[in-house]
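Note sheet for the following structure.
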Amino acid sequence: VQKPYLSLVCVLLGISLIMMLDGCRSSSESWVLLGSAGTLIWDWTSVCVVLLFTVLQVALYYLPVGPVTEGKMGCDGKRLKYKLNGLHAFLLTVVLMLVLWFAGVLRAGAGTVRIFSLVSAAMAVSLIFSLALFLCPIRTPSSAHVTYNTAKPLLKFVLGHSMDPRLGLIDIKHFVMVRVGFIGWAVMDLNYLLTAVEMKNSSLALLLVIVFQLIYILDFLVDEGSVLTTKEFTDEPIGFIMILGEFIWIPFFSSLPAYFLLQRPNHIHFLSAVPICLLFAAGFLMYYLSNEQKDGFRRNPSDPAYARLNTIRSPAGSSLLVSGWFGWVRHPNYSGDILMMFAWCLPCGFTSVLPYLPALQCFHLLRQRANEIEESCLKKHRDAWREYCRRVPYKLLPCVY
C-alpha cells in the first residue's frame, strides 16, 4: 500500500497528542500554552526516563523464565520462536516502580508534570530507533523482508521494509508491541494513580479507569502468545509509524482518560459505578470467552465442548462457527473490546469529548480491521462465508452494525 501522506501523519501524531493532553486541563484555569509557564516541551531528564525504561525492558526480555513458543514460518522454512515472559517483565517493572516510590527515590508527580516532554522524548527515541532499523537493517536467515518501491525511500522508512527483524534473542516487533506499548501503558496508569495519592486527589472515577485498564493489560500479557497470530503482527512490516505508535500512542493516548481525571476530577456516586462495572464485565467476558471459543475450535474442532455448535463447511477444508458467540455477531471479540474501552471512559463524565477519543479511535480501527478480515475470509471461504454473513448479518453490534 503506497500512502505518502503517512509521513505527515507521523509528524502530526505527537503534536496532536500533546494538544489533547493540554486540552485536559480544567476550563477554569487561565490559558497558557502547554499548561503553565514552567511546562517544558523538552528536557533531557525525560529522554533519560524513556531510555532507561526501554533498556530495562530489553534486560527483562532476557529473563530465564516464561515459555518459548513457535510463531509463523520464517524465510528459512523454520518457525520463528518467541519468548513469552511479558507478564514477568510487567510484574517486575511494577514492583521496581513501587519500591522506588515508597523509598522516596521516585515522585510520580514529577513524571506527570513532564508529560509533554515525555511525549517529545518518546518521539525522538522512536525516530532514532526507526532510523537505525532503516539504515542498518537487521538481517537473519529466518527474517522476512518486504521491499517497497526503492524510488520512495521515505515510504519504506515510514511503513517499514523488514517483517521480523531480530537483535539477538529479541524480536523487535514483538518487543515494541508488547514491552514498550502495553507495559508502557501500565506504567503511565500507575504513575497517574501514584500522582493522585501524592496530591491527595484520588477518586472512585480515577480508580475505576485505572483498574479496568490494568485488568485489560494483564489479560493481554497472560495470553501474550495471542499477539503472534494477529494480522498486524503477521502481515505488516515494522517501520516508523508502528514504532512511533507503540512508543507514544499506546502508552500516552490509551491512558488519556486517567490523565483527564487528574486534571478534571469527576466524583461519581457508588451507585453510578455499578452499571459502569457491569458494562466492563460484560465486555471483558464477551472478549475473553469468544477468543477462547475461537482459539479452542481452531485447535481442535472435534472437541466435545463444541459438539452442540452449528458450523458451515468451507471449501478451504475448515469449518465456520455459526452459533455460540459467533452466531450473535461476526466479530464478538471486537465487540467486547469496544464495550470495555467505552466503560473506562464513562467515569470521566460528559464535560469533554477528549477522554472518549481513545474509544472512538478503537471503534474506527476495529471496524476497519473487521472489514479487512471479511475480505480475506470471502476469498478463502467463498460461498460458505456468504452463507455465514446471511445467517449472522451483524459485524459488531447486534441490530445496529
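If W344 satisfies every condition in (1) farther than 17 Å from S319 by Cβ; (2) surrounded by 18 or more Cβ atoms within 10 Å (Cβ to Cβ); (3) touching a Cys at 6+ places or on another chain (Cβ under 9 Å); (4) of a type outside the set (G, A, S) but one, which is the exception?
Here W344 clears every test but (3).
May I ask you to list the residues in the stretch 193-242 that are touching a Gly at 6+ places or on another chain (Cβ under 6 Å) and closer than 30 Å to D295 by Cα? Write out each step before concluding.
Step one: filter the stretch 193-242 for residues touching a Gly at 6+ places or on another chain (Cβ under 6 Å), giving 195, 198, 221, 224, 228, 237-239.
Of everything in the stretch 193-242, those that are touching a Gly at 6+ places or on another chain (Cβ under 6 Å) and closer than 30 Å to D295 by Cα turn out to be L221, E224, L228, P237, I238, G239.
Could we say that S335 is surrounded by 13 or more Cβ atoms within 10 Å (Cβ to Cβ), farther than 30 Å from Y259 by Cβ and not acidic (D, E) here? Steps first, answer last, please.
Numbers: surrounded by 13 or more Cβ atoms within 10 Å (Cβ to Cβ): yes; farther than 30 Å from Y259 by Cβ: no; not acidic (D, E): yes.
Spelling it out, it is not the case that S335 is surrounded by 13 or more Cβ atoms within 10 Å (Cβ to Cβ), farther than 30 Å from Y259 by Cβ and not acidic (D, E).
Keeping to the stretch 205-227, report how many residues are touching a residue at least 60 places away in the same chain (Cβ under 8 Å) and within 17 Å of F342 (Cα to Cα).
Within the stretch 205-227, residues that are touching a residue at least 60 places away in the same chain (Cβ under 8 Å) and within 17 Å of F342 (Cα to Cα) number 9.
Does the stretch 109-124 include one or more residues that are at pLDDT below 95, assigned to a loop (DSSP other than H, G, I, E, B) and within 22 Å of the chain's Cα centre (by Cα)?
Scanning the stretch 109-124, I find no residue that is at pLDDT below 95, assigned to a loop (DSSP other than H, G, I, E, B) and within 22 Å of the chain's Cα centre (by Cα), so the answer is no.
Here are some conditions: (1) modelled with pLDDT under 70; (2) part of a loop (DSSP other than H, G, I, E, B); (3) within 23 Å of the chain's Cα centre (by Cα). S26 meets all but one. Which one does it not meet?
(3)
Name the one entry in R330, R313 that is farther than 24 Å from Q368 by Cβ, modelled with pLDDT of 85 or more and among the charged types (D, E, K, R). Don't jump to the end; show me each part of the working.
Working: R330 fails: farther than 24 Å from Q368 by Cβ.
It is R313.
So which of V1, V9, V65 is exposed (fewer than 15 other Cβ atoms within 10 Å of the Cβ) and at pLDDT 85 or above? Please lay out each step first, then the result.
Values: V1 fails: at pLDDT 85 or above; V9 fails: at pLDDT 85 or above.
After ruling out the rest, the residue left standing is V65.
I'm trying to understand the selection: among the residues of the stretch 160-174, which are buried (at least 22 other Cβ atoms within 10 Å of the Cβ) and assigned to a helix (DSSP H, G or I)?
K173, H174
Results for (1) on the phi > 0 side of the Ramachandran plot; (2) out of contact with any Pro (no Cβ under 7 Å at 6 or more places or on another chain); (3) of a type in the set (F, W, Y); (4) surrounded by 13 or more Cβ atoms within 10 Å (Cβ to Cβ), shown as yes or no for each residue.
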position	(1), (2), (3), (4)
F280	no, yes, yes, yes
L289	no, yes, no, yes
E292	no, yes, no, yes
R299	no, yes, no, no
N310	no, yes, no, yes
S319	no, no, no, yes
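The values are calculated or read from the model by the stated rules, or taken from the named source; none is laboratory data. Quick caveat: nothing in here was measured; it's all calculated off a predicted structure. Note: ideal-geometry Cβ built from the backbone for every residue, glycine included; neighbour counts use all protein chains shown.
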